[in-house]
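Before any comments, here is the structure.
The values are calculated or read from the model by the stated rules, or taken from the named source; none is laboratory data. A quick note: this is a predicted structure, and the numbers were derived from the prediction, not measured. Every residue, glycine as well, gets a Cβ built from its backbone with ideal geometry; the counts of neighbours run over all protein chains shown. These accessible areas exclude ligands, DNA and RNA; they are computed on the full protein's heavy atoms, side chains included. Shrake-Rupley method; radii C 1.70, N 1.55, O 1.52, S 1.80 Å.
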Amino acid sequence: MALRTITERGAEILTKQCKTVKEITPRIRELCDDMIDTMKAADGVGLAAPQVGVMKRLFVAMPHVDSDDESIQDKIYVMINPEITYAEGTQESSEGCLSVPGYMGLVDRPQKIRIKATDLEGNENEFEFEGFPATVMCHEYDHLDGILYCDIAKDFMTSEEYLNRLKEIEEEYADEETAK
Ligand code: NI
């Protein structure tokens, strides 16, 4: 197990278009293993290669952490050369990023997506994700095109401000409900 250093906003690599993975070499496998360890150690739900300084089109993700189905909460996806093949609907997502510590934002994302990618065995698979897992996949996918969520967020502020605002909205909503 090896942890890699997470690149932070301001680093040029986070703004670059990443390159297609041509072959799944032992180095790519090692990179993916390290990225999984690094993601878990940082308490993240996704990590893209440019976030550890590698300009390749691949990311790892644990998009089901909040699922009601315990059997899939730990499921890890290794997505090599991913491609979003279908998107439907919209949702507002509260997002953060390991490369932008201390901040959160609100982003419009598709409600449902299909995404295909190659795994470490070289097999191409297509998956469907909806709700939060779809957000995770879109967020990580954007990293491969040099896009950070804060570049496209409707609202972007410190985590403290963001969480306070969410609380205010919830309280207003609760008051409205009571007033009815
Ligand atoms: Ni991110």
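Taken over segment 84-110, residues that are more than 15 Å from the ligand (Cβ to nearest atom) and loosely packed, with under 15 Cβ neighbours inside 10 Å amount to 7.
Of the residues Ala87, Ala2, Ala42, Ala48, which is among the small types (Gly, Ala, Ser) and modelled with pLDDT under 95? Let's see the steps before the verdict.
Details: Ala87 fails: modelled with pLDDT under 95; Ala42 fails: modelled with pLDDT under 95; Ala48 fails: modelled with pLDDT under 95.
After ruling out the rest, the residue left standing is Ala2.
Residues in segment 133-145 that are of a type outside the set (Asp, Glu) and within 12 Å of the ligand (Cβ to nearest atom): Thr135, Val136, Met137, Cys138, His139, Tyr141, His143, Leu144.
Taking segment 6-43, which residues are in a helix (DSSP H, G or I), of a type in the set (Ser, Thr, Tyr) and surrounded by 15 or more Cβ atoms within 10 Å (Cβ to Cβ)? Break it down stepwise before answering.
Applying the first criterion (in a helix (DSSP H, G or I)) to segment 6-43 yields 12-15, 26-41.
So of that shortlist, the ones also of a type in the set (Ser, Thr, Tyr) come out as 15, 38.
Thr38, the sole residue that qualifies.
Scanning segment 32-49 for residues that are under 20 Å from Met104 (Cα atoms) and away from the ligand (no atom under 14 Å from the Cβ) yields a total of 2. In segment 130-147 there is at least one residue matching the filter, namely being surrounded by fewer than 15 Cβ atoms within 10 Å (Cβ to Cβ) and under 18 Å from Ile80 (Cα atoms). Per the conditions (1) touching a residue at least 24 places away in the same chain (Cβ under 8 Å); (2) of a type outside the set (S, T, N, Q); (3) exposed (fewer than 13 other Cβ atoms within 10 Å of the Cβ), the sole criterion not satisfied by Asp74 is (1). Is it the case, given these coordinates, that Asn81 is open to solvent by 60 Å² or more (accessible area, probe 1.4 Å) and at pLDDT 95 or above? Here the answer is no, as Asn81 does not meet what is asked.
Being surrounded by 13 or more Cβ atoms within 10 Å (Cβ to Cβ) and of a type in the set (Gly, Ala, Ser) is the filter here; which residues of segment 160-180 pass it? Residues satisfying the conditions do not exist here. Looking only at segment 50-62, residues that are in contact with a Ser or Thr (Cβ under 8 Å, 6 or more places away or on another chain) and assigned to a loop (DSSP other than H, G, I, E, B) come to 2 in all. Within segment 50-71, the set of residues being more than 16 Å from the ligand (Cβ to nearest atom), over 26 Å from Ser159 (Cα atoms) and either open to solvent by less than 50 Å² (accessible area, probe 1.4 Å) or of a type in the set (D, E, K, R) (or both) comprises Asp69, Glu70.
Of all residues in segment 129-163, those that are aromatic (Phe, Trp, Tyr), in contact (Cβ under 8 Å) with a residue 60 or more places away in the chain and touching a strand residue (DSSP E or B) at 6+ places or on another chain (Cβ under 7 Å) total 3. The set of residues from segment 115-168 being more than 19 Å from Gly10 (Cβ to Cβ), in contact with a Gly (Cβ under 7 Å, 6 or more places away or on another chain) and part of a strand (DSSP E or B) comprises just one member, Asp155. Condition check for Arg114 on (1) touching a Ser or Thr at 6+ places or on another chain (Cβ under 6 Å); (2) within 16 Å of the ligand (Cβ to nearest atom): one failure, at (2).
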